[in-house]
Amino acid sequence: MVAAGRAAADGRLGAARRAARAEPAVGHRNRSKPAEQLAMSRRAYAVACGLALAALVATYADHFHNDFHFDDDHTIRNNHFIRDVHNIPRFFVDPKTFSSLPANQSYRPLLTTTLALDYWMAGGLDPWAFHATSFALFALQCAAMLVLYRRLMDRARPHAWNRWIALFAATWYALHAANAETVNYIIARSEILSTLGVVVSLLMFTSKGVARRWGLYAIPAALAVCAKEQGVIAAPLIMLYVALFERELTMGELFQPRNIARLVADTWPVLVACMAILVGGLRLATTFTPGGASRWAYLWTQPFVILHYVYTFVLPVNLSADTDWSPFANPFDDRVVIGLVFVGALLWLGVTAWRRRETRPIAFGIFWFLGALVPTSSIVPFAEVMNDHRVFFPFVGLTLAASWAIALAAFNRKDTVVAVAGVRSKPAAILMTVSLVVLAAHAYGTHRRNIVWRTEESLWLDVTEKSPQNGRGLMTYGVIQMAKGRYDVADQYFTRALQYAPQYAYLHVNIGVLKGALGDAAEAERHFRAAQQYDPGNPVSYYYYARWLGSVGRVDEAIAFARRALELSPGHAEAQQLLAELQSRPRQPHAPAAAATTPDTPERWIEISLTAYRLGRYQECIDASEKALSLRPDYAEAYNNICAAENAMQRYPQAVAACERAMALRPDFPLARNNLALARSHLTK
């Protein structure tokens, strides 16, 4: 039986060999078939890349004429410095060139340079030119992400599918509806530039060529920091890459001193470059304020914000250009607990994925996501507790993690993987169909957001509907209605806004404008004064008051307040134009600051000091405040007025002393806090 079995086997083997010798052409075709499949696969991949680019262009084709919005006003439309490309060298040494508002003057010279070039090439404020530059940079970033994703996937698990997975991931990110909040918002180009710099820096580092040997990979990272402070995250991300994919350290080994020293030695050029620019920029930006109040309330709100961001990644609905979220007052709020549990689960998932080489892109993506949120979701309290355009940089990592997790799940199904060899299978067809549906859904969502961002009216109407308790959103929509002459509608929105932002200086400015248009001079002046009290360092409060004073014939006073606006913001283009126009008018003698009768109450002396301050008579303001203090020694408002007048006369040590007295008497005095910050910022120069 054994011999017969062997003979039968030998017979079959011999028959197969004879058949192979008899049909050499078939054997030749079999040997060439893999090469033909490879060529076809390359062509198919090239076509797919072209289709992805076409989808991106088609999705954003209707956004190029969208209007300027929100912070575009003080950084672009009203920024005198971007109107001359000869100012570009100054951008790198003076943060005041970034914005016409002192509180918003950050060190972002690369961003301002691109805006100045747009203005120069367009010959003015043409939104199309600005949007075209942002979109080109965004498309370049997505192409760089495709290469980076492929490289990271190949490091973890080389496979013929990786380039397709990377293409899906990059396209998913490119079409993601949440990213429309950044691409449509021109000043948010800072996000695009910094993210592009980080991705290119990682690409250069992972290439292991001349760029790495000579530390050239630090250049795009440094430029990323020059676009926005978050670019500094490039340094820890590159260190994380070395730890995960090159040294393959375990989580325990990562924190050993000798391994930390090795990681620093591997990446020191980017560490030095990023930190030097970050520290230098922060030292130069002396007037910038993040705008938030309670540091701790902001901090313990952020875990729930992170949960919201992940939800937005999965289901980007109810996107809003300006949300009505506020910090949670109670650290034991249920939302705080839920957020902490979620962030803990996300960290656990990242640590778990760290352990195996093939799952390390998931770990890298998760820690990229969390690390990229550190600048806006940690101890620095910003005015907005969350913002949908802040996810642009973090979503690069989250997209990598999610795409690779889906891919690994597909790898583990043999009936799906056989599709790589050209064999159709139902699971593979389902996976491809679902992928295309996801991309199409995001493209549609992005198209809808483009429509929302088209005009100021459409954008802020959307904000009022999705964030009905946002005082700024209600105010801005009211401003749009006021510009159309719908004063009754504007008044309704301003009244609603006062419920949520009673001390918002911009709101009082706009109410003053409205009351002035309605001929109610007393109410107009009251609100202009309130704006100056709530935000004494904001040139907008003085500019609009000066404009109104000029409209009612009080030219001398108008000139004084226009000059005050320019003292606070020399690059305020509208204030420059207003001052020139006012100085061309006939001059009128001003009225005396004080009343004819001698006041006998501290409140009356404070009123006189405010009138003197508004007229630019700062010594009279101080004298009247001192009279108030002689009647009421613990009058915090009087010390605050002295501080504001000393600031106006650039006597900052005296201003600091007066404001410190005011804060000692009233620790929760926002006006004194703002004046004190302004005085101290000048002392540190």
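The values are calculated or read from the model by the stated rules, or taken from the named source; none is laboratory data. Remember, predicted model here, so these are calculated numbers, not experimental data. Quick reminder, even Gly has a Cβ in these numbers, built from the backbone with ideal geometry, and neighbours come from all protein chains shown.
Observations, loosely collected:
- Selection from region 558-577 of residues that are out of contact with any Phe, Trp or Tyr (no Cβ under 7 Å at 6 or more places or on another chain) and not in a helix (DSSP H, G or I): S569, P570
- Of everything in region 387-430 that is in a helix (DSSP H, G or I) and charged (D, E, K, R), the residue that is modelled with the highest pLDDT is R390.
- Pairing residues of region 543-556 that are in contact (Cβ under 8 Å) with a residue 60 or more places away in the chain with residues that are outside any helix (DSSP H, G or I), at Cβ distances under 6 Å and at least 6 apart in sequence or on separate chains, gives no pairs at all.
- Enumeration of residues in region 46-75 that are surrounded by 15 or more Cβ atoms within 10 Å (Cβ to Cβ), charged (D, E, K, R) and in contact (Cβ under 8 Å) with a residue 24 or more places away in the chain: D67, D71, D72
- Test result for H508, within 22 Å of Q469 (Cα to Cα) and in contact with a Lys or Arg (Cβ under 8 Å, 6 or more places away or on another chain): no
- Contacts under 9 angstrom Cβ, first residue in region 370-396 being in contact (Cβ under 8 Å) with a residue 60 or more places away in the chain, partner surrounded by fewer than 21 Cβ atoms within 10 Å (Cβ to Cβ) and assigned to a strand (DSSP E or B), 6 or more apart: T376/F382; P381/G291; F382/G291; A383/G291; E384/G291
- Criterion applied to T433, T376, T464 was being among the β-branched types (V, I, T), in the same structural domain as P127 (by TED's automatic domain parsing) and modelled with pLDDT of 90 or more, and the one residue passing it is T376.
- For region 626-645, residues that are surrounded by fewer than 24 Cβ atoms within 10 Å (Cβ to Cβ) and not hydroxyl-bearing (S, T, Y) total 9.
- In the set (1) aliphatic (A, V, I, L, M); (2) out of contact with any Gly (no Cβ under 6 Å at 6 or more places or on another chain); (3) at pLDDT below 90, A558 fails one condition alone, (2).
- Set I219, I260, I233, I192: member being surrounded by fewer than 24 Cβ atoms within 10 Å (Cβ to Cβ) and either in contact (Cβ under 8 Å) with a residue 60 or more places away in the chain or within 28 Å of F91 (Cα to Cα) (or both): I219
- Residue check for G445: part of a helix (DSSP H, G or I) and in the same structural domain as F68 (by TED's automatic domain parsing): yes
- Of the set (1) more than 20 Å from the chain's Cα centre (by Cα); (2) among the polar types (S, T, N, Q); (3) at pLDDT 95 or above, all apply to T133 but (1).
- For the condition among the charged types (D, E, K, R) and crowded, with 18+ Cβ neighbours inside 10 Å, D84 does not qualify.
- Residues that are surrounded by fewer than 17 Cβ atoms within 10 Å (Cβ to Cβ) and either touching a strand residue (DSSP E or B) at 6+ places or on another chain (Cβ under 9 Å) or of a type in the set (A, V, I, L, M, F, W, C) (or both) within region 462-488 comprise just one, A483.
- Inside region 610-622, residues that are crowded, with 19+ Cβ neighbours inside 10 Å and under 15 Å from A658 (Cα atoms) make up a count of 3.
- Considering region 126-155, the residues that are among the aliphatic types (A, V, I, L, M) and within 17 Å of W453 (Cα to Cα) include one that is surrounded by the fewest Cβ atoms within 10 Å (Cβ to Cβ), namely A132.
- Within region 278-298, at least one residue is part of a helix (DSSP H, G or I) and aromatic (F, W, Y).
- Residues in region 271-315 that are touching a Leu at 6+ places or on another chain (Cβ under 9 Å), among the aromatic types (F, W, Y) and more than 22 Å from A177 (Cα to Cα): F288, W300.
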